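Novice: Structure below; questions to follow.
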Amino acid sequence: MIGSPPSSLPDLRRASLANLRTIDLRAPERDFWVDEAAIRDRFAATWAGLADEAWSLPGAAPSDAGGPDWSLAEHVGHVADWQELAIDYIAVAETGRWPSDDDYDGGDFDTYNERRRELWAAMAPKAIRQRLDVGRERLLESARRLSIEAIRSDDGWGWVYMVLHGHRLDHLAVIEPWVDVLRRRQADGDPFVEDPRPPDSETFWAADRAAQAELHGLLERVPPAGWTSTELTPGWTLRDHVAHLADWADEGVRAVADYRRTGSWPADPEEGIDAWNERHVAASASATHTEVLARLEREYDRMRAAAASLALEKLRSPDGWSWVYDCLYGHVRKHLALIGPWCATVDWPDSGPA
């Protein structure tokens, strides 16, 4: 990770986009590569914890070429697409010729970009993210062959800066507010599809593994002190969120056992869900992050075993789905929406002035 910005400079990772727009990133005192890393970190953190199903939803922004509204997948894919295009045009620039706007549908970038949407719209979010990361590394390798004077030249700046810094900043203005909308929906339990119930067991368990991998990848970024240092939601730290996931996995085990014994699924706790949640979180108030994480693993293993004991048609029934999904990856997704952005940024360098 790149170090902290000098105290006299705004923090590109945390400053408002409006403030970022006032900064002359071409100024001689700016470090081009440090700035690139900061903006890239900010760009990648926007979707932390967001379910893949949300990526394909239209509504992020209207099309400037008269097509359907763009999705998050298309926006991120579009940035990845131009990274790959830039690798080629930087290679040409090394021979002395920078590209011209006319090389792209005669300067009609809206039409040019519209024609290239289909590939990214059809691609899985994981594949888009991988293309974005691989393309960035290749592009940096290409751009570093240029001198900083060539990059800051009138010919070079609009092509190298724009594809590494400016392009991400342009799309952050769309992505940040759109992802905020999607994240609120996910925290409220929106699965982003008409029927989230799996057609087969393999699909169910693949979704569960993906949610768990996302959760643990984010938790690994948080140092031990961070588990209790910050309220991520009113009154709840990261430890409380993780303990709460373990609490409901344990409750789900009991629900499956009741169903198998009586043929009926139990009702919600009589005291009310909010009171039940607070009572159980309070019971974990003295637990260390290691203890809470170990308990999560233990209870989720028990809940997975309980779910695996049910036939698919039982799992897909309304009551069965409500319990099993909401005590496994459906529940994880809700809390990923709440804790994801903080976990993804907790290891950023200390903030300079915004």
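Just so it is clear, none of the values below were taken in a lab; they were calculated from the coordinates. The structure presented is a predicted model; accordingly, all values stated were derived computationally and were not measured. Don't worry about glycine lacking a Cβ; one is built from the backbone with ideal geometry, like all the others, and counts go over all protein chains shown.
Novice: Are there any GluC sites (Glu not before Pro) in segment 72-116 that are in a DSSP loop and have at most 16 other Cβ atoms within 10 Å? List them by number.
Specialist: GLU94
Novice: Pick from LEU119, LEU172, LEU338 the residue whose mean-square fluctuation is largest in a GNM of the chain, springs joining Cα atoms under 10 Å.
Specialist: Per the Cα network of the chain with a 10 Å cutoff, LEU119 tops the list.
Novice: Using only alpha carbons, build the gyration tensor for segment 219-295 and give me the equivalent ellipsoid semi-axes, biggest first, whole Å. All intermediate terms of the calculation are to be shown ahead of the outcome.
Specialist: Working: eigenvalues 156, 40, 15 Å².
After scaling each eigenvalue by five and taking roots: 28, 14, 9 Å.
Novice: Among rounded, prolate and oblate, which fits segment 168-210 when a ≥ b ≥ c are the square roots of the eigenvalues of its C-alpha gyration tensor, a/c under 1.5 means rounded, and a/b larger than b/c means prolate? Intermediate results must be reported in sequence, preceding the final value.
Specialist: Values: a/c = 3.44, a/b = 2.25, b/c = 1.53.
Prolate, since a/c reaches 1.5 and a/b exceeds b/c.
Novice: Please turn the phi angles of segment 98-111 into ³J(HN,Hα) values with the Karplus equation 6.51 cos²θ - 1.76 cosθ + 1.60 (θ = phi - 60°), one per residue in order, whole Hz, x for glycine and proline.
Specialist: Values per residue, Gly and Pro as x: 7, x, 10, 3, 5, 6, 10, 6, x, x, 8, 5, 4, 5 Hz.
Novice: Continuing with the same structure: At what distance in angstrom do the alpha carbon centres of segment 284-354 and segment 81-159 lie from each other?
Specialist: Each part reduced to its Cα centre gives a spacing of 38 Å.
Novice: With 10 angstrom as the radius, rank THR22, THR230 by how many other C-beta atoms surround their C-beta, starting from the fewest.
Specialist: With the sparsest Cβ surroundings first, the list reads THR22, THR230.
Novice: Can you tell which of ALA246, ALA37, ALA257 shows the greatest fluctuation in a Gaussian network model of the chain with Cα springs below 10 Å?
Specialist: Judging by the Gaussian network model, the answer is ALA257.
Novice: I've got another one for you. Would you work out the charge dipole size for segment 158-301 about its Cα centre, treating the Cβ of every Lys and Arg as +1 and the Cβ of every Asp and Glu as -1, and quote it to the nearest 20 debye?
Specialist: So the dipole magnitude of segment 158-301 works out to roughly 360 debye.
Novice: On a 0 to 90° scale, report how tilted helix 318-327 is relative to the longest principal axis of the chain, with both axes built from alpha carbons and the result rounded to the nearest 10.
Specialist: 60
Novice: In the chain, with Lys and Arg counted as +1 and Asp and Glu as -1 at Cβ, which of these residues, PHE109, SER284, GLN186, has the Cα nearest the positive end of the dipole, that is, farthest along it?
Specialist: About the Cα centre, the residue reaching furthest to the positive side is SER284.
Novice: Please compute P(r) over all alpha-carbon pairs of segment 17-187, binned at 10 Å starting from zero, and give each bin as a whole-number percent.
Specialist: 9, 37, 37, 15, 2, 0
Novice: If I fit a long axis through the Cα atoms of helix 125-143 and take the longest principal axis of the Cα atoms of the chain, what angle between them do I get, 0 to 90°, rounded to 10?
Specialist: So the inclination is approximately 30 degrees.
Novice: Of the listed values [x] 73, 58, 43; [y] 108, 43, 39; [z] 77, 44, 29, identify the label whose number matches Cα extents along the principal axes in Å calculated from this model.
Specialist: Identified label for the calculated read-out: [z].
Novice: Using just the helices of the chain, give the 222 nm mean residue ellipticity in deg cm²/dmol: DSSP H runs with n ≥ 4 each add -39,500 (n - 2.57), and the total is spread over all residues, rounded to 500.
Specialist: -19000 deg cm²/dmol
Novice: Using modelled backbone amide H atoms (1.01 Å from N, in-plane), which distant-in-sequence or interchain residues come within less than 5 Å of ALA61's amide H?
Specialist: TRP70
Novice: Using alpha carbons only, how many degrees (0 to 90, rounded to 10) separate the axis of helix 72-93 from the longest principal axis of the chain?
Specialist: It works out to around 30 degrees.
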